[in-house]
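The values are calculated or read from the model by the stated rules, or taken from the named source; none is laboratory data. Keep in mind that this is a model prediction, so the values were computed, not measured. All Cβ positions, glycine included, derive from the backbone under ideal geometry; neighbour counts span all protein chains shown.
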Amino acid sequence: MSDITKIKQEFDKKVAEIRALMKNPQQDAGLFGNSIEFRDKNLIFSNSDGVCTSSKDKIENYPAKGYPYKRGVKLSFSADGTTKLEVEAGGGEDLYGICTNIYEYTGMATVIPITNNFTGYLTFKKNGNGVNPGGQAAF
């Protein structure tokens, strides 16, 4: 029984560490409050654990070529010669956005264009992976 108690205590400790890093609009209302700047003040919280977007952001659906899930995508034309736009994995100079979901039944990819003002929080375990707290990561 002591092993289970020890595991439960370690789990509770890790959860407390992660919750200390996460920002939540219900608990940290002052952090996510509207400002008086000349910006869009209609923030939409689509996830209660630290994601905020603007009402001006758009999420687009395109037919997927291949399987670009959770990858950078670029726009391309379909192979049959029509002018239908598709997204495929890749990018570099032609990076259009990030594929966040693929509907396997229809073959449609949900894409967040890189021109959107999307903010999220990255939670990680510090183990010498080269990412430091407070640093910036380019995606």
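Taking the stretch 48-93 as the search range and keeping residues that are loosely packed, with under 15 Cβ neighbours inside 10 Å and among the polar types (S, T, N, Q), which one is modelled with the lowest pLDDT?
Ser48
Could you grab me the full set of residues in the stretch 62-112 that are in contact with an Asp or Glu (Cβ under 8 Å, 6 or more places away or on another chain), of a type in the set (Ser, Thr, Tyr) and assigned to a strand (DSSP E or B)?
Tyr62, Ser76, Thr110, listed by residue number.
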